[in-house]
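Heads up, the thing below is written out as structure tokens.
The values are calculated or read from the model by the stated rules, or taken from the named source; none is laboratory data. Since the model is a prediction, treat every value here as computed from it, not as a measurement. With ideal geometry, Cβ positions are generated from the backbone for all residues, glycine too; neighbour counts draw on all protein chains shown. With ligands, DNA and RNA removed, areas are computed over all heavy atoms of the protein, side chains included. Shrake-Rupley method; radii C 1.70, N 1.55, O 1.52, S 1.80 Å.
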Amino acid sequence: MVPRHSSPKDIPMAKKNNGLASVLTLLPWWAHILLAAIAYVLVSRVMPAMLGDGTFAPLIAAPLNFLGIIVAAVFILSAGYSFVAARRKRRLLDRQTSLDSIRALSWREFEELVAEAYRRDGYRVLENDQPGPDGGVDIRLRKDGARHLVQCKNWRNRSIGVRIVREIYGVLAAENAQQAVVVCSGGFTQDARQFAYGKPIQLVDGEALLILIQGVQRGDDGVLDPPAPAAAAPVRAPAVCPKCGGRLVERTATRGKNAGNRFLGCETFPRCRHTENLPDE
């Protein structure tokens, strides 16, 4: 049910399955080329050899050779599609400049943006392209042997409530993963934050997502160009990072619409990307 005062921008769009084309993008382009070569050898060479020198062997060999060429061509075409899709996702990440540009994305682009950010941050990424409900999981991550389940919500004018966080926590237990992550372009309600406290749940709001993206964006020369933090200043409470136990220091945003604003960030950045607003004077 849509809240009475919700605007159309707040209503999550229904997901659509992109079919075979989206499934093909799960493999890197070079894997498609490898599959093309394997398929051609199996169909055009191995299968005719298995027929031996029987009477019908010459009649079947030519069609099998043609079939092998067709199968290989399909994989080569999918390799091109995979290459273009991967390039598009990289450009999608690198052109984000602010929360406004992120919030203007469609639900699909938002998921691809989050997936690409984690991919560039060293995670193995599996995007959910299966038909039907996603079970509360849009992206699956793996790093250092740990599995992370990610739910993405590009809700422009609504905070993520506790119901969404409860759902992903239930999936986390069912799949026996190590951490659940909820990423949004806005914020979280106090109930959602209280429920996540002390649990293996990471809540990434819009500001934290922008910092993550800026930390893995590449410059015009293609080199990783994370935002340079300002020199650490004396810390006001809280002084300890609740995620890794490191020291919180004052930093200055160097990019986006928040450039020049100061915030608290973990001194172990980029290993830990926890941030907090500065307490009121």
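Observations on the model:
- Square roots of 5 times each gyration tensor eigenvalue, C-alpha, the stretch 29-96, largest first, Å: 38, 9, 4
- Hz values of 3J(HN,Hα) by residue in the stretch 99-105 - Karplus curve (6.51, -1.76, 1.60), Gly and Pro given as x: 5, 5, 5, 5, 5, 7, 6
- Close amide H pairs (under 5 Å, H built 1.01 Å from N) link Ile160 with Gly187, Phe188, Thr189, residues at least 5 positions away or on another chain.
- Ordering of 108-120, 58-70, 90-102 by packing [mean C-beta count within 10 Å, highest first]: 108-120, 90-102, 58-70
- The phi torsions of the stretch 143-155, fed into the Karplus equation with coefficients 6.51, -1.76 and 1.60 and a -60° offset, translate into couplings of 7, 6, x, 9, 10, 10, 10, 10, 10, 10, 9, 9, 8 Hz, rounded to whole numbers, with Gly and Pro shown as x.
- Backbone geometry of the stretch 198-204 corresponds, through the Karplus equation with coefficients 6.51, -1.76 and 1.60 at θ = phi - 60°, to 3J(HN,Hα) couplings of x, 10, x, 10, 10, 9, 10 Hz, x marking Gly and Pro.
- As a fraction of the 1.4 Å probe accessible area of the stretch 57-115, surface on carbon and sulfur atoms comes out at 71 percent.
- The Cα-based radius of gyration of the stretch 40-171, divided by its Kirkwood radius, gives an Rg/Rh of 1.22.
- Largest accessible area first, the listed residues Val182, Val41 line up as Val41, Val182 when surface is computed with a 1.4 Å probe on the assembled protein chains.
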